[in-house]
Amino acid sequence: MSEEDTYIRAKLAEINVAMERMTEMLNKMIEVISHIGEVQEATEDLTLRVASNGEKLDEILRKLASAPASAPPSSGRLEEKGAISVFTSILDSVDNQLREGALASDLATLIAEASESLEQKGASSAIIVKMSRWVRILKTYGRIDSVSPTDLNKLRSDLKEWQKELTARR
């Protein structure tokens with residue numbers, strides 16, 4: 001075998017190795033592109049969920065806005081029970097959002113609106129302070145972050161305590 005043949009074989013071997021590397025790189029690029037597609041689908045799904053949660057929030061806010069601000073003075077005890085029912089329904093809506101996996105920013109907004117509504121309806125200031133604390137905690141998350149499992153468990157337990165406090169007022 002001549003020196004020229006050896007040189008050509010060496011170059012062909014180099015070309016073969018380069019083509020194998022390019023094939024590997026192309027396969028990796030295809031994999032990345034497929035992951036990008038999956039991320040886009042997940043983003044679209046999240047967008048739909050956020051829109052759905054927004055509609056639910058709007059519905060809850062419409063119900064809260066249409067709820068009577070106060071009953072006639074002669075029904076003091078009845079008024080208090082009605083207010084507690086409204087408080088409980090507000091906290092139930094927050095609980096539903098927790099189960100549906102709301103984003104931290106959406107949950108912060110929901111809790112803030114719920115605390116404002118409860119405050120307007122005359123809920124105890126202790127519950128309002130605790131809810132405001134959770135709003136501050138949830139605002140530390142990024143705009144599209146989901147709530148950490150530890151914070152979620154703590155929020156659920158606080159939510160249960162708030163509901164107990166409200167039912168104890170009955």
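When the range 148-166 is limited to residues that are more than 18 Å from the chain's Cα centre (by Cα) and at pLDDT 75 or above, the one that is nearest to Ile128 (Cα to Cα) turns out to be Trp162. Residues that are open to solvent by 80 Å² or more (accessible area, probe 1.4 Å) and either in contact (Cβ under 8 Å) with a residue 12 or more places away in the chain or not acidic (Asp, Glu) (or both) within the range 17-31 comprise Met19, Arg21, Met22, Met25, Leu26, Asn27, Lys28, Met29, Ile30, listed in sequence order. Scanning the range 40-59 for residues that are closer than 15 Å to Asp145 by Cα and hydrophobic (A, V, I, L, M, F, W, C) returns Ala42, Leu46, Val50.
Every test in (1) of a type outside the set (Phe, Trp, Tyr); (2) modelled with pLDDT under 65; (3) assigned to a helix (DSSP H, G or I); (4) over 30 Å from Asp45 (Cβ atoms) is passed by Ile128 save one, and that test is (2).
Within the range 121-134, the set of residues being free of Cβ contacts under 8 Å to residues at least 24 places away in the same chain and within 21 Å of Ile60 (Cα to Cα) comprises Ile128, Ser132.
Among the conditions (1) more than 30 Å from Val39 (Cα to Cα); (2) assigned to a loop (DSSP other than H, G, I, E, B); (3) modelled with pLDDT of 80 or more, Ser70 misses just one, which is (3).
Here the range 135-169 is the region considered, the condition is being touching a residue at least 40 places away in the same chain (Cβ under 8 Å) and among the hydroxyl-bearing types (Ser, Thr, Tyr), and the residue that is nearest to Ala108 (Cα to Cα) is Ser146. When residues in the range 135-151 are screened for being assigned to a helix (DSSP H, G or I) and closer than 23 Å to Asp58 by Cα, 4 of them pass.
The values are calculated or read from the model by the stated rules, or taken from the named source; none is laboratory data. No experiment lies behind these values; they were computed from the predicted model shown. Positions of Cβ are backbone-derived with ideal geometry, glycine not excepted, and every protein chain shown enters the neighbour counts. Side chains are part of the model used for accessible areas, which takes the heavy atoms of the whole protein and leaves out ligands, DNA and RNA. Shrake-Rupley method; radii C 1.70, N 1.55, O 1.52, S 1.80 Å.
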